[in-house]
1. For the range 46-154, please list each of the strands (runs of 3 or more DSSP E) lying entirely inside it that holds at least 2 residues being surrounded by 12 or more Cβ atoms within 10 Å (Cβ to Cβ).
2. Among the residues of the range 3-26, are any of a type in the set (A, V, I, L, M), at pLDDT below 70 and more than 30 Å from L134 (Cα to Cα)?
Amino acid sequence: MRGILLLLLVLFSCKAHKPSTTFTDSTIVSKSERQVPIVIDADSSFVAAKLEVIDGKVSVGDILASYRGNRMDVPVISIKDNVLSVEAKAFQDTNYVTVYDTKERRAIHSTEIRYENVLTKWQAFQLVAGRICLAILLLIAILLYIKRKITPKG
């Protein structure tokens with residue numbers, strides 16, 4: 001009975017390491033740069049003037065009102081060969097702004113860690129002792145079997 005208990009103790013005391021898995025969480029950030037145009041349109045301006053007709057000839061009379069815009073000069077009125085022409089200089093401005101786009105991507109990586117099955121000195125001793133006990137138990141069983149065969153009944 002002691003031999004069976006010793007055998008069970010030896011067989012169940014040695015355990016191998018199970019591989020473990022570790023998870024690492026990482027965030028990947030990518031930045032990109034781009035130029036975005038912002039257009040500032042020209043605003044309005046005006047001139048109010050009287051036109052005079054003398055002997056069939058049109059001419060510019062008094063200027064009643066004029067307004068100059070922020071990005072536009074006051075219009076210039078001229079009459080040539082009875083044709084009214086208006087000229088105004090408009091300034092359209094374009095500014096470029098640098099915009100940074102940021103994209104984040106999360107990733108989870110798994111790494112499996114496997115241990116090499118290296119026995120400790122105690123585990124190695126238990127294996128050798130278990131094999132010796134198993135051999136002794138087997139020898140005792142064989143001797144008992146032979147003794148029963150040889151011994152006459154009765």
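1. 46-54, 57-67, 76-80
2. No, the range 3-26 contains no residue that is of a type in the set (A, V, I, L, M), at pLDDT below 70 and more than 30 Å from L134 (Cα to Cα).
The values are calculated or read from the model by the stated rules, or taken from the named source; none is laboratory data. For clarity, every value in this text was computed on a predicted model and none was experimentally measured. A quick note on method: Cβ atoms are made from the backbone with ideal geometry, for glycine too, and the neighbour counts reach across all protein chains shown.
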